[in-house]
């Protein structure tokens, strides 16, 4: 959201303080890292709408970003008391349990979030990740924490930034391509819905981008399939792309999965195709093992 | 200009295994010019190629990378290749399976550089 958008929302709220525009404004400020301003907007909104679950959810997210996980938990807890099916509150509490290592409770809340909002950003991937972690004996045996998990870490529970929890999940995902170059960065396995199953991917600045890229690739998968079919080219096999600084290779190890390889552009596409074959073999073995 | 573009596209179709070549508006997926597209539905090629390239561009953007400078969709019975030219234009080739990919890419790039 641009500065202009925020100015417009601020003006709307000033003109009509009873407007629900405080919700998108607070969220926009939170996303920009203006947490003090976001908290102020959220609290002002809550004074007018104390029974609005969305307002408690907004404040919880701001508090979570600020590292105040105990209060964030309390706000999400209130949101759920007001609206037992609130997707944002289930998602937030689910991530807090995830961070705390209480995977069964995390899964329960994340599944509720997904049921309430099947399109919620990052939730489907998180559910898959927690299920995967629960299927791994070492993680499944993690002792549950007490009912309130908030004090365990000072990490923001936002979907795209779950810090230490993400790091432990990365170990599970990396196992898919164990022993292959780029097992944790540069190889990505996803399902046909764009949910990451294994591997990982970072942007050039080091930011993890696996989940967002996976979501876009599901569309590429469908478009490639449709283009090949409608142009009578038969079944599609791969999509290769060259960018200014990287080469990408996309193929389907199975009918229901997709594999992406990303290497810097010193690695020719032909070599990427060979690496993709090895990675596809590993992915198929792993998928068969999971099934 | 259109005659020049068609002539340039014909240089792509002269590569063995190229079934047709065309210039496509990337945003709308519409045909701007085409050469030797016998047996191919030019409008469908344009729309579908633009769709794949647009999706892929969003994926590379999400990965923190620049938009693709070359895209190759390979299928059992042939392939599609695309190279962006000026803003909002794609040079596209439809090929047989056994085509010299490197040579087609060079020709597509040459056309892309000459589209004014």
Legend entry - Of the criteria (1) modelled with pLDDT under 90; (2) crowded, with 24+ Cβ neighbours inside 10 Å, which one residue A:68 fails: (2)
Inset, instruction - Take the residues in segment B:85-102 that are out of contact with any strand residue (DSSP E or B) (no Cβ under 9 Å at 6 or more places or on another chain) and within 16 Å of residue A:269 (Cα to Cα), then tell me which one is surrounded by the most Cβ atoms within 10 Å (Cβ to Cβ). - result: B:100
Inset, instruction - Please work out which one of (1) closer than 29 Å to residue A:203 by Cα; (2) surrounded by 19 or more Cβ atoms within 10 Å (Cβ to Cβ); (3) within 14 Å of another protein chain (Cβ to nearest Cβ) is the condition residue B:22 fails and give its number. - result: (1)
Inset, instruction - Name every residue in segment B:15-39 that is touching a residue at least 40 places away in the same chain (Cβ under 8 Å) and within 16 Å of residue B:94 (Cβ to Cβ), in order of residue number. - result: B:15, B:16, B:17, B:18, B:19, B:20, B:21, B:22, B:23, B:24, B:32, B:37
Inset, instruction - Pull up segment B:73-84, narrow it to residues that are facing chain A (nearest Cβ under 9 Å) and buried (at least 24 other Cβ atoms within 10 Å of the Cβ), then point me to the one that is nearest to residue B:24 (Cα to Cα). - result: B:80
Legend entry - Where a residue in segment A:22-38 is in contact (Cβ under 8 Å) with a residue 60 or more places away in the chain and its partner, wherever it lies, is in a helix (DSSP H, G or I), with Cβ under 8 Å and at least six apart: none
Inset, instruction - Sort through A:7, A:71 and tell me the only one that's part of a helix (DSSP H, G or I) and touching a helix residue (DSSP H, G or I) at 6+ places or on another chain (Cβ under 6 Å). - result: A:71
Legend entry - residue A:120 being assigned to a loop (DSSP other than H, G, I, E, B), at pLDDT below 80, under 13 Å from the mean Cα position of the chain (by Cα) and surrounded by fewer than 23 Cβ atoms within 10 Å (Cβ to Cβ): yes
Legend entry - Residue identified as modelled with pLDDT of 90 or more and either out of contact with any helix residue (DSSP H, G or I) (no Cβ under 9 Å at 6 or more places or on another chain) or over 21 Å from residue B:49 (Cα atoms) (or both) among A:196, A:263, A:229: A:263
Legend entry - Top-ranked residue in segment A:216-230 [being in contact with a strand residue (DSSP E or B) (Cβ under 7 Å, 6 or more places away or on another chain) and facing another protein chain (nearest Cβ under 7 Å); ranked as surrounded by the fewest Cβ atoms within 10 Å (Cβ to Cβ)]: A:227
Inset, instruction - Run residue B:91 past the list (1) under 12 Å from the mean Cα position of the chain (by Cα); (2) free of Cβ contacts under 8 Å to residues at least 40 places away in the same chain; (3) away from every other protein chain (no Cβ under 13 Å) and report the number of the one that doesn't hold. - result: (2)
Legend entry - Enumeration of residues in segment A:1-23 that are under 15 Å from residue A:57 (Cβ atoms) and surrounded by 17 or more Cβ atoms within 10 Å (Cβ to Cβ): A:22, A:23
Inset, instruction - Within segment A:197-211, work out how many residues are closer than 17 Å to residue A:259 by Cβ and within 7 Å of chain B (Cβ to nearest Cβ). - result: 2
Legend entry - Selection from segment A:235-250 of residues that are more than 14 Å from residue B:70 (Cα to Cα) and either more than 9 Å from chain B (Cβ to nearest Cβ) or in a loop (DSSP other than H, G, I, E, B) (or both): A:235
Legend entry - Matching residues, segment B:1-40, being in a loop (DSSP other than H, G, I, E, B) and at pLDDT below 90: B:1, B:27, B:28, B:36, B:37, B:38, B:39, B:40
Inset, instruction - Find the residue count for segment A:259-271, including only residues that are within 11 Å of chain B (Cβ to nearest Cβ) and surrounded by 16 or more Cβ atoms within 10 Å (Cβ to Cβ). - result: 3
Inset, instruction - Could you grab me the full set of residues in segment B:40-59 that are surrounded by fewer than 21 Cβ atoms within 10 Å (Cβ to Cβ), in contact with a strand residue (DSSP E or B) (Cβ under 8 Å, 6 or more places away or on another chain) and either within 16 Å of residue A:226 (Cβ to Cβ) or at the interface with another protein chain (Cβ under 8 Å from one of its Cβ atoms) (or both)? - result: B:40, B:43, B:47
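The values are calculated or read from the model by the stated rules, or taken from the named source; none is laboratory data. These numbers come from a predicted model, not from an experiment. Because the Cβ atoms are built from the backbone with ideal geometry, glycine has one as well, and the counts that use them run over all protein chains shown.
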